[in-house]
Every structure is written in C-alpha cells, then in structure tokens.
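The values are calculated or read from the model by the stated rules, or taken from the named source; none is laboratory data. Predicted, not measured: the structure shown is a model, and the values here were computed from it. Cβ placement follows ideal geometry from the backbone for every residue including glycine, while neighbour counts extend to all protein chains displayed.
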Amino acid sequence: MIALLDKFFARHAPLRRVFDYASASKEIISLCPGCESVLSGEGEALCNSDRYGYPTRTQWCPHCHMIFVNPRLTSECYGRLYDEGIYRAIISAFSGKTDGHILPQKRIIRLVSLLKEQFGEKPLSILNIGGTRADYDALKAGLQVKDYLCINPGGEEAGCGYKVEKTTIEDFNSQGRLFDVVCLFGTLNHLLWPLRSFKKIESLLSSDGVFAFDDKDPIAKMLSMRHPAGALQFDHAVYPTKYTLSHMFRDSGLSCLSYDTDNQRVFFFLAGKITAGAGKQDFFDVEQEKISLQLLKKRASKIRPKLFLQLFLSFLRRSV
C-alpha cells in the first residue's frame with residue numbers, strides 16, 4: 001500500500017519538471033554492491049521513495065548492511081545526470097539554494113589535517129577521485145604536493161595548476177603509476193560498485209600509501225529524521241554503513257589506519273594496505289546496526305506527510 005502511494009505522489013511531485021525519473025534508464029542488480037553476495041528476497045526492502053519524492057526503491061544487504069538503490073540508474077544515465085548539470089539543478093530546486101560545491105567543505109579541511117598528521121612535510125603524489133577545484137585548493141594549502149591528478153567523469157572541474165582525466169575510477173588506467181594518497185571526498189555514495197573501486201584503489205597505493213575518504217553514516221542520518229526516505233537520494237547509488245566499510249576494507253586488502261568524527265554522522269577515514277598495519281576495527285557495532293535497520297524498516301512502512309505537501313505544491317503550480 002505504501003509503495004503504491006509513493007508511486008502515485010511521485011507522478012505529481014514538483015521536481016518531476018527538473019528530471020523525469022520514471023522514464024530514465026534503469027538496471028536491476030542481483031549482487032550487493034558492498035560484498036557482492038547474491039541478493040535474495042523481499043526482506044531486504046527498506047524504502048520505496050527518496051527525499052525528492054521520486055519512487056526510488058532502496059534495499060539493504062543482510063550480510064554487510066550496505067544500503068543501496070535497486071533498480072538504479074544505468075551508468076550512462078548517471079553520466080548524463082552530471083554532464084548536463086541535472087544533478088545540481090535538482091539540488092537547487094529542492095533546497096531553494098545555489099549548490100555550493102565549489103566552496104571548501106569543512107570535511108575536506110578535516111581530512112587534509114589528518115593527512116598532514118600522517119605525512120608531515122613529505123612531498124606527495126595525489127590522485128583525487130571525482131574531485132573539485134575546492135579539494136585541490138585545500139590539499140595544496142595544507143600539504144606538500146609534488147604531483148596531482150584528478151579523475152572526474154564530467155571533466156568540467158579542471159583548473160589552472162592540475163590535470164584532469166575524464167574517466168571513472170573503474171576505467172582509470174594508471175599505466176603502472178602508484179600514489180602516496182588517493183582521495184575520495186564526498187563521492188563514495190556515487191560509486192556503482194564500491195567494493196570493486198576499493199580493490200582498484202588498493203592497487204594504486206604505494207607500499208605506505210594512504211586512502212583518504214569521508215562517509216556520512218546513513219543509519220545515524222535516517223534515525224535523526226521522521227522518515228528514512230528523507231536521507232535517501234536516487235542519484236546516490238550506495239550508502240555504506242560502518243559495518244559495510246569493515247567488510248570492504250577486508251575484502252579489498254585494506255585496513256583502517258585511523259578514523260575521526262565530529263558529530264557521529266560524518267566519519268573521516270585513512271586506510272592503507274593490510275601489510276602497512278594491523279588496522280582499527282572498533283568503529284562499528286554490528287548488533288546495534290541490525291537493531292537500527294529493523295527500526296528504520298518499520299518507520300519506512302508509514303506514510304510520509306511531506307509527500308502530501310509535495311502533491312499540494314504540484315497542483316498549485318499547475319493552477320498558476
């Protein structure tokens with residue numbers, strides 16, 4: 001019943017004028033993006049809509065707790081979403097504010113400080129995945145950068161002082177080149193197959209190299225809202241939990257060297273090759289995550305009051 005209501009409201013949601021989600025090309029995946037176990041069953045369903053009101057079905061994996069969109073947009077459709085600026089138009093239409101992605105983010109500055117503690121004044125070769133000009137400015141200001149490369153499927157983030165390759169981490173060819181630091185700032189949710197990406201990143205690190213990334217704990221964010229769908233977006237393919245990350249570290253040959261958080265929602269991680277250290281595994285509580293996921297599933301079974309407001313606003317627009 002709730003799924004049918006979500007679909008009905010989504011057909012009239014105001015943001016449909018920005019992006020027609022219903023007609024967008026999608027694919028159904030049969031493997032979990034976090035541990036690649038075979039998906040089975042109705043019990044994995046979490047939500048049937050996202051924060052924008054689109055009828056986005058979200059599942060969670062009982063093995064690694066990865067939360068993910070399924071069906072999801074195809075890689076080609078994701079590419080168009082970013083290349084044509086639709087992604088940022090949706091954010092602006094939803095929030096009523098101009099997207100500030102070109103401004104330095106506090107989380108980036110925090111990650112740079114962690115890297116400085118790790119490397120000091122050592123000149124570094126850095127690979128930034130999906131990075132922006134703001135990332136480069138923060139890294140350049142806080143670290144000794146001898147070599148910098150950004151890979152971005154959109155390619156529009158290029159700026160004076162560094163090179164951008166228009167590709168994805170999956171398709172990137174390093175030609176045997178290794179990096180002291182691989183960065184993934186604000187991009188983890190956009191990876192279609194994050195375990196495969198982690199394995200690729202591990203192969204790109206030098207023997208003492210570091211993988212630096214941030215992750216917003218999806219469970220903590222959803223628990224802070226009246227309805228879990230308020231923390232989900234159709235354009236974010238995956239939402240790794242802390243338990244998911246522990247799985248992906250292990251399965252990709254990485255270990256968590258250090259982690260930090262300011263508010264128990266946004267976490268900052270430094271990871272290295274397993275041979276570089278024993279790693280830290282105390283950043284998650286698997287039993288508590290299971291309890292929280294069941295609670296969120298129960299909340300998701302209730303009607304979202306905000307969808308009624310969206311429908312009302314949609315009809316107001318038509319009458320103007």
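Looking only at residues in the stretch 184-205 that are at pLDDT below 95 and under 13 Å from LEU127 (Cβ atoms), which one is surrounded by the most Cβ atoms within 10 Å (Cβ to Cβ)? Of everything passing the filter in the stretch 184-205, LEU184 is surrounded by the most Cβ atoms within 10 Å (Cβ to Cβ). For the residues ASP260, ASP251, the requirement of being surrounded by fewer than 20 Cβ atoms within 10 Å (Cβ to Cβ), touching a helix residue (DSSP H, G or I) at 6+ places or on another chain (Cβ under 9 Å) and closer than 24 Å to LEU192 by Cβ singles out ASP251. Among the candidates LEU293, LEU223, LEU195, LEU232, the residue that is in the same structural domain as LYS146 (by TED's automatic domain parsing) and of a type outside the set (Gly, Ala, Ser) is uniquely LEU195.
Do we find a residue being over 18 Å from LYS242 (Cβ atoms) and at pLDDT 70 or above anywhere in the stretch 275-294? Within the stretch 275-294, one or more residues are over 18 Å from LYS242 (Cβ atoms) and at pLDDT 70 or above. Considering the stretch 218-234 alone, what residues qualify as being part of a loop (DSSP other than H, G, I, E, B), surrounded by fewer than 23 Cβ atoms within 10 Å (Cβ to Cβ) and not polar (S, T, N, Q)? Answer for the stretch 218-234, where residues must be part of a loop (DSSP other than H, G, I, E, B), surrounded by fewer than 23 Cβ atoms within 10 Å (Cβ to Cβ) and not polar (S, T, N, Q): MET225, ARG226, HIS227.
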